[in-house]
1. Taking R0 as 30 Å, what's the FRET efficiency between V134 and D208 from their Cβ-Cβ distance, rounded to 0.05?
2. Cross-link partners among lysines for K163, C-alpha distance below 22 Å, same-chain residues fewer than 8 apart left out?
3. Return the aspartates and glutamates within reach of K211: Cα separation strictly under 17 angstrom, same-chain partners fewer than 8 residues apart disregarded; answer none if there are no such residues.
4. Just checking my list (i) 1.04; (ii) 0.98; (iii) 0.93 against Rg/Rh (Cα atoms, Kirkwood Rh) computed from this structure; which label fits?
5. Quick one: which residues, 5+ away or cross-chain, put their amide H under 5 Å from the amide H of Y182? H built at 1.01 Å from N.
6. Of G64, G108, G72, which has the largest mean-square fluctuation in a 10 Å C-alpha GNM of the chain?
7. Just rank Y232, Y182, Y190, fewest to most, by other beta-carbon atoms within 10 angstrom.
8. If the cut-off is a Cα-Cα distance under 18 Å, which lysines reach K30, setting aside same-chain residues fewer than 8 apart in sequence?
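Any read-out appearing in this document is the output of simple, stated calculations on the displayed coordinates, not a laboratory observation. Small disclaimer: the values here were computed from a predicted structure and weren't measured. Note: ideal-geometry Cβ built from the backbone for every residue, glycine included; neighbour counts use all protein chains shown.
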Amino acid sequence: MTQRAGNCQAMILAAGRGERMRPLTDHTPKPLLQVRGKPLMQWPMEALARSAFTRLVVNTAWLGERIEDHFGSQPPWILRDALSNSEQMAITWSHEGRDFGDALETLGGICRALPMLDDIFWVLAGDVFAPDFVFTPEAVRRFFASASLGHIWLVPNPAHNPKGDFGLSAEGLALNQAPVKYTFSTIGLYRRALFEAPWCNIPPGNPDGSKAPLAPLLRAAMDNQQITAELYTGPWTDVGTPERLAQLNTP
C-alpha cells in the first residue's frame with residue numbers, strides 16, 4: 001500500500017536503562033517517571049495524537065513490561081486528554097529486552113522495528129520533554145516531497161552539551177563540521193531507505209540483535225548532503241538526571 005504524504009507512523013524510543021537517573025529508575029522505567037502530573041512519555045504521545053499521528057511503534061528493554069502494561073495497545077485516554085479527533089491510538093511494541101536481554105541502542109532499535117514501520121516515519125525519544133513541539137502533517141508532506149533521507153530538529157545547546165552536535169547551513173542542510181553547532185533534539189523524520197543498504201549494514205529486523213548508535217549513520221548521510229535540518233527554539237529538556245526532572249516539576 002502506498003503511503004500518503006502527511007500520514008505516517010512514529011517510533012518512540014523507550015528502551016534506555018536510565019543509569020544517570022538512578023535510583024529513580026531502579027524500579028520505574030524512565031518513560032514512566034512523572035513530569036507535571038503525567039508519565040514523561042505521555043507528553044509526546046499526546047502531541048502526536050493532537051496532529052492525528054496515532055500509529056506508534058515503541059521499543060523497550062529495561063522494565064519494558066511495565067511500560068506496555070501502563071499504555072497497552074490502544075490507550076483511548078491519550079486522545080481524550082489531547083482533545084484530538086476520534087481516531088484511536090494504536091501501539092505496536094518492539095521488546096528488545098525480552099528478545100535480546102538488553103537495549104540495542106538507537107540505530108539497532110530502529111533496525112529491529114523497521115519491518116513494522118512505513119517508508120517514512122517520525123523518530124523521537126520518550127525521555128525528552130518538549131511540550132510545545134508540534135508534529136505537523138505539513139512537515140511530513142514537505143519531507144515526502146523532498147529527496148532527503150532524513151530531516152532532523154536541532155535545539156540551542158543546553159548547559160550539559162555546550163559544544164552541540166551538528167551544524168545547520170543556510171540552505172537547511174545538517175552539517176558535521178560548522179563554526180556553530182546545535183544539539184540534536186532526537187526528533188526526526190526518516191525514510192526507511194536510510195536504514196537499509198548501502199547506508200546501513202544491519203539487516204531489517206536486526207535478527208542478530210546488533211547494538212549500534214544512530215549518530216555515525218547520520219554523519220555519513222550528512223557528508224553526502226542527505227540530511228536536512230531546522231532549528232526549534234521552544235522549551236526542550238533532555239530529562240537525563242534527577243536534577244533536571246526536579247527542575248521540571250518545580251512550580
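1. It comes to 0.20.
2. K181
3. Correct list for K211: E96, D99, D102, E105, E196.
4. (iii)
5. Residues meeting the amide H criterion: D165, F166, G167.
6. G72
7. Y232, Y182, Y190
8. K38
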